[in-house]
Amino acid sequence: MVFEFYQLAAAIYLVAAVAAALGFTLPSERLSRAAVLGLSLGVVVHAMAFWQLHEGESTPPLTDLAYVVPFVVWMLTVFYLLLMIRVRLIGLAVVVAPLAFIGTFVEFLGAPAVESGAQPASPIWSHIHVLLASAGLALLAVAGAAGALYVARHRTIKSKRPSAIRLPLPSLEALDRVNALSLVVGFLLLSLGVATGVLWTQAVDGRLWPATAHANATLVAWLVLAVLVAVRFGAGQGARQSALSSMAGFTLMVLAVIGAGMLA
Amino acid sequence: MNILLLGMNHRTASLDLRERYAVDDVGPPLTKLAADGDIEEAVLLSTCNRVEVVATTRRPDAARIRLRSFVTRELASGSQVPGDRALDEALYEYSEGSAVRHLLRVACSVDSLVVGEPQILGQVKDAYRAAVDCGACGPILSRLYQRAFSTAKRVRNETRIAERPVSVARVAVDLARQIFESLNDKSALLIGAGEMIELALETLRGEGLAAIRVANRTPARAENLASQFDASAHGLSELPEILARSDIVLTCIAGSAPIITTENVSRVLQARRGRPIFVIDLGVPRNVDPAVNELDNVYLYDLDDMSGVAESNTEERRREVVRAEAIVLEEQQRFEGWLAALSAVPTIRHLRERAEAVRIRELDRMLSRLDLDESQQAGVDALTRSIVNKLLHVPLSQLRKEVDREEVLVYMEAARALFGLDHDGAPDTEVDDALPSENGES
């Protein structure tokens, strides 16, 4: 049943991604709105998949790449939809929807085997850690996506080409605000995620840092966010530089996660 | 019933000529026109770009003459000369389908000076309301104008004819919205005091900006302009200070050297802590050093850039006209179908009367021979009525259908021949009580 829910969520995300792409290129506000609606539906189905996973007989492998990535994209989509309440970000669906599909599709490439006996001794800490760390990573992804669109929007306005100006992207100010908010909140959540991870490890084997591939990847992501926040708010980095840095930071995080997955 | 349209617009008449025939209050002349025997219904539209009168009549030749005299004599003001050659050349006349099509095109803003502009629909609605208020508008023009309003709504929803701005001031606002999330907490600085600045002030005032400043070499002129638009006035000496507090800067001022340089803006950006600034330079020669655009967080558009965007948007609107015309044609055909069905009303009424007369005659003849009580007689009456109604249902439905006008004429002729209706004896009924509805049923 878990797998079916994942399949359904991936299919809905795919439809949303196609609608978002068409809405962007035609351009059509209706299609872009349909993409956002699809993402909302996908998030619900995706949440049901997680629920089913946790309702299983055994605790799921929380640090498994194939489990974490869909969870991160789910949170990314949730954050995107929450941000839409305050900021006009319909155009951002063109980045979020494909990410949501690809992230969910990872499930099929390496579906998490729910193995008994290899699970944490302290599931409460493990769940809190995974939740916080995934939220932090998801917000770094949001910051990266907003950064990518910021750079695109900046170039279209600077190019002064009417066809480029017409692209239905969010405003520069909205994208910059999303970028800044995602960095700050993402850093806070990931910091808490790392802290709870330490508590979890200590509860399991008495060590402070497990030095596993996934733990190191999380630490890399935390360092990336720390640097991004420091240069943005400490050194007064401009909006465009912050957008570029966020894109680079997100790319580095993806590489770290992939690397962790290969080493695991 | 014939529909006629006579008028002049921005394409056929000069502003001078249009001014002479424009009327502020259309009520009195319209009331006079509607009282004329040759005119059944009339609506008069008078805007700065067009003067048009639409009328329905049963005597088209006489009505044509009456409409022409109405426009040339009753609408003329000042030193109008009857028989003016320029006026004859400026006036256009449409009848039947072409009149319907023209009105729909006008309401959809396809015929406007600026294609897709939204004001014309409001003006057409006002003209219709004025005609209704003075009793000049009847069932046919009411239906025609309702059709025009729904067509305009369709065109607006189904095409992109009004999606992109085409005036420089509107383009500036559109671009500003691509930089800023909301304009409500932003401030604008307008440098200059000419006509372009005044137009921009008008547009920006409607966007609800937090503050608008006007700066000029002569502060008195800036003050004069600022007082009209609830803005603050400044001299050019204050520029460095007010530039830092402005998110949108629009300049159009005479001068040979740029008044905003890269150095100015670099300093301003530091004070703004990286917040973006949108600069629109409409000055010729340019008021802003073009190198300013190379700075981060500065977006500079000069007159050529703005004209390029406006021209491209105009082109897009023109492309959308093709789609709008298809909708207009579709709606024109629907209205003509309704009108054609309307012309069948006398035949329908005659057919019903003939059938009812036959039924009553035969019923009376039969009842006099039979010995029936009251309830039995009522039963037979209901039976014959039902048979007649059922027999007439199909031919009457066919005549009421909103189909091609020619097809309706064929059906009408067939009905008259088959049922032996007197061609000349058909009552020329008023249409109000027998109008077919949208779905073809009266």
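Do we have B:R286 as outside any helix (DSSP H, G or I), of a type in the set (K, R) and within 17 Å of A:R240 (Cα to Cα) here? Can you show your working first?
Values: outside any helix (DSSP H, G or I): yes; of a type in the set (K, R): yes; within 17 Å of A:R240 (Cα to Cα): no.
Against the criterion (outside any helix (DSSP H, G or I), of a type in the set (K, R) and within 17 Å of A:R240 (Cα to Cα)), B:R286 does not qualify.
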Q. Does B:E320 satisfy being in contact (Cβ under 8 Å) with a residue 60 or more places away in the chain, at the interface with chain A (Cβ under 9 Å from one of its Cβ atoms) and farther than 30 Å from B:A257 by Cα?
A. no
Q: Kindly indicate whether any position in segment A:189-196 is open to solvent by 10 Å² or more (accessible area, probe 1.4 Å), away from chain B (no Cβ under 14 Å), closer than 30 Å to A:R33 by Cα and free of Cβ contacts under 8 Å to residues at least 12 places away in the same chain.
A: no
Q | Residue within segment B:200-214 that is more than 14 Å from every other protein chain (Cβ to nearest Cβ), in contact with a helix residue (DSSP H, G or I) (Cβ under 7 Å, 6 or more places away or on another chain) and farther than 23 Å from B:N184 by Cβ present | A | no
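Residue under question is B:D305, and the condition is that it be within 14 Å of chain A (Cβ to nearest Cβ), farther than 18 Å from B:L201 by Cβ and within 44 Å of the chain's Cα centre (by Cα); does it hold?
Details: within 14 Å of chain A (Cβ to nearest Cβ): yes; farther than 18 Å from B:L201 by Cβ: yes; within 44 Å of the chain's Cα centre (by Cα): yes.
Yes: the conditions hold for B:D305.
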Q) Hey, any hits in segment B:212-229 for a residue that's open to solvent by 10 Å² or more (accessible area, probe 1.4 Å) and touching a Lys or Arg at 6+ places or on another chain (Cβ under 6 Å)? A) yes
Q | Matching residues in segment A:156-188 - criterion: being within 9 Å of chain B (Cβ to nearest Cβ), over 19 Å from the mean Cα position of the chain (by Cα) and in a helix (DSSP H, G or I) | A | A:T156, A:I157, A:K158, A:P162, A:S163, A:I165, A:L172, A:E173
Q) Any residue in segment B:149-160 that is within 30 Å of B:V345 (Cα to Cα), among the hydrophobic types (A, V, I, L, M, F, W, C) and in contact with a helix residue (DSSP H, G or I) (Cβ under 9 Å, 6 or more places away or on another chain)? A) yes
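Condition check: over 21 Å from the mean Cα position of the chain (by Cα), part of a helix (DSSP H, G or I) and either surrounded by fewer than 16 Cβ atoms within 10 Å (Cβ to Cβ) or away from every other protein chain (no Cβ under 14 Å) (or both). Does A:V229 satisfy that? Walk me through it before giving the result.
Details: over 21 Å from the mean Cα position of the chain (by Cα): no; part of a helix (DSSP H, G or I): yes; either surrounded by fewer than 16 Cβ atoms within 10 Å (Cβ to Cβ) or away from every other protein chain (no Cβ under 14 Å) (or both): yes.
Against the criterion (over 21 Å from the mean Cα position of the chain (by Cα), part of a helix (DSSP H, G or I) and either surrounded by fewer than 16 Cβ atoms within 10 Å (Cβ to Cβ) or away from every other protein chain (no Cβ under 14 Å) (or both)), A:V229 does not qualify.
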(Q) So in segment B:301-315, with the set limited to residues that are in contact with a strand residue (DSSP E or B) (Cβ under 7 Å, 6 or more places away or on another chain) and either open to solvent by less than 10 Å² (accessible area, probe 1.4 Å) or of a type in the set (S, T, N, Q) (or both), which one is modelled with the lowest pLDDT? (A) B:M306
Q) Which of (1) at pLDDT below 90; (2) open to solvent by less than 90 Å² (accessible area, probe 1.4 Å); (3) more than 17 Å from B:Y411 (Cα to Cα); (4) in a helix (DSSP H, G or I) does B:E336 not meet, given it meets every other one? A) (3)
Q. Looking at segment B:359-386, which of its residues are within 16 Å of B:F419 (Cβ to Cβ) and in contact (Cβ under 8 Å) with a residue 24 or more places away in the chain?
A. B:R359
Q: Tell me, please, whether a residue that is within 14 Å of another protein chain (Cβ to nearest Cβ) and in a helix (DSSP H, G or I) can be found in segment A:138-146.
A: yes
(Q) If I ask for residues that are within 14 Å of chain B (Cβ to nearest Cβ) and closer than 15 Å to A:P168 by Cα, which ones from segment A:85-107 would you list? (A) A:V87, A:R88, A:L89, A:I90, A:G91, A:L92
Q) Right, B:E263: more than 11 Å from chain A (Cβ to nearest Cβ) and either in a helix (DSSP H, G or I) or open to solvent by less than 60 Å² (accessible area, probe 1.4 Å) (or both) or not? A) yes
Q | Leading residue by the ranking (nearest to A:I165 (Cα to Cα)) among those in segment B:138-169 that are open to solvent by 30 Å² or more (accessible area, probe 1.4 Å) and among the basic types (K, R) | A | B:R164
Q. In the set B:V408, B:V403, B:V394, B:V380, which member is open to solvent by 50 Å² or more (accessible area, probe 1.4 Å) and modelled with pLDDT of 50 or more?
A. B:V394
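Which one is most open to solvent (accessible area, probe 1.4 Å), of the residues in segment B:230-245 that are of a type in the set (G, A, S) and free of Cβ contacts under 8 Å to residues at least 40 places away in the same chain?
Of segment B:230-245, the ones of a type in the set (G, A, S) are B:231-233, B:235, B:237, B:244.
Keeping just the survivors that are free of Cβ contacts under 8 Å to residues at least 40 places away in the same chain gives B:232-233, B:235, B:237, B:244.
Values: B:S232: 47, B:A233: 35, B:G235: 11, B:S237: 107, B:A244: 23 Å².
The selected residue is B:S237.
Look at B:S375 and say whether it is open to solvent by less than 90 Å² (accessible area, probe 1.4 Å) and on the phi < 0 side of the Ramachandran plot.
Here the answer is yes, as B:S375 does meet what is asked.
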Q) Within segment A:9-35, can you find the residues that are touching a residue at least 40 places away in the same chain (Cβ under 8 Å) and surrounded by 19 or more Cβ atoms within 10 Å (Cβ to Cβ)? A) A:A9, A:A10, A:Y13, A:L14, A:A16, A:A17, A:A19, A:A20, A:G23, A:F24, A:S32, A:A35
Q. Listed residues A:A239, A:A235, A:A203; which is in contact (Cβ under 8 Å) with a residue 12 or more places away in the chain and within 14 Å of another protein chain (Cβ to nearest Cβ)?
A. A:A239
Q) For segment A:234-264, what are the residues that are within 29 Å of A:L199 (Cα to Cα), part of a helix (DSSP H, G or I) and open to solvent by 60 Å² or more (accessible area, probe 1.4 Å)? A) A:T251, A:L252, A:L255, A:I258, A:M262, A:L263
Q. Among the candidates B:A344, B:A324, B:A291, which residue alone is of a type in the set (G, A, S) and within 22 Å of the chain's Cα centre (by Cα)?
A. B:A324
Q. Given the conditions (1) within 34 Å of the chain's Cα centre (by Cα); (2) open to solvent by 30 Å² or more (accessible area, probe 1.4 Å), and given that B:F180 satisfies all but one, which numbered condition is not satisfied?
A. (2)
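Per-residue answers, yes or no, for (1) under 25 Å from B:I179 (Cβ atoms); (2) among the aromatic types (F, W, Y); (3) in a loop (DSSP other than H, G, I, E, B):
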| site | (1), (2), (3) |
| --- | --- |
| B:A220 | no, no, no |
| B:E223 | no, no, no |
| B:A233 | no, no, no |
| B:S246 | yes, no, yes |
| B:L250 | yes, no, no |
| B:S256 | no, no, yes |
| B:L269 | yes, no, no |
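The values are calculated or read from the model by the stated rules, or taken from the named source; none is laboratory data. Being a predicted model, the structure only gives us computed values, none of them experimental. Ideal geometry is used to build each Cβ from the backbone, glycine not excepted, and the neighbour counts take in all protein chains shown. These area figures cover heavy atoms from the full protein model, side chains too; ligands, DNA and RNA do not enter into them. Shrake-Rupley method; radii C 1.70, N 1.55, O 1.52, S 1.80 Å.
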